[in-house]
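Notes follow the structure.
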Amino acid sequence: MALYISLSVLFLILHCPLLAFSTNSEGNALHALRSRLYDPNNVLQSWDPTLVNSCTWFHVTCDSNNHVIRLDLGNSDISGTLGPELAQLPHLQYLELYNNNISGEIPEELGNLKNIISMDLYGNKLEGKIPKSFGKLKSLKFLRLNNNKLTGSIPRELTHLKNLKIFDVSNNDLCGTIPVDGNFGSFPLESFENNRLNGPELKGLVPYDFGC
């Protein structure tokens, strides 16, 4: 009997952490992000996948239910790319990745972060287009994408974001026309400067598809 109990305890010790981590989608998402990033200053050193609770990791903030609500990795000198696994953080409210060397495209999947309030990706080397899926981020108040290498036009889908207070895409390579629908009519022109944009559109005279 004693031997049976000992073997049972050993099984639990060896297997339960692994099983628990395998069902922790948020921890898996953060570990996947880390695997994409080069971290010369070891700011992600505490992101240990053998620890089931990722809320103990530095630069990660969780709510009372142990859901990840904030990532603070601004000014961390990290490089690499972002991946679709970030969408597996459904409770995320603040994504702070500003002033790093992150390259590649912004994943369309970030448009599934329905609770996101602030997304600061400025001061990186991001390329490609602003995802149209961002038009689904109804809670978004702050979107700063300035000082990157983004191309294409500003998606009209973003004009549907009624809570958007701050929008900055200056110092990219965007083209097309600056929209004025929704809150866009109140954003300062400085938020759009140093692009190839044609200036504010004229309502009723510019087609909805103001691509370039």
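For this structure, a couple of remarks:
- Mean accessible surface per residue for the stretch 23-166, computed with a 1.4 Å probe while every protein chain stays in place, in Å²: 45
- Around residue 99: net Lys/Arg minus Asp/Glu count, Cβ-Cβ under 14 Å: -3
- Length available on full extension from residue 42 to residue 66: 0.36 nm per residue minus the Cα-Cα distance, which gives 6.2 nm.
- Gyration tensor analysis over the Cα atoms of the stretch 22-102 returns equivalent ellipsoid semi-axes of 19, 13, 12 Å (largest first, whole Å).
- Share of carbon and sulfur in the accessible heavy-atom surface of the stretch 80-133 [1.4 Å probe, %]: 43
- Using the Cβ-Cβ distance between residue 108 and residue 180 with R0 set to 30 Å, the FRET efficiency from 1/(1 + (r/R0)^6) comes to roughly 0.75.
- Extension gain, residue 75 back to residue 196 (0.36 nm per residue minus Cα-Cα distance, nm): 40.8 nm
The values are calculated or read from the model by the stated rules, or taken from the named source; none is laboratory data. As the structure is a computational prediction, the values presented were derived from the model and not from experiment. Reconstructed Cβ throughout: ideal geometry from the backbone, glycine too, with neighbour counts over all protein chains shown. Note: accessible area is taken over every heavy atom of the protein model, side chains too, but ligands, DNA and RNA are not part of it. Shrake-Rupley method; radii C 1.70, N 1.55, O 1.52, S 1.80 Å.
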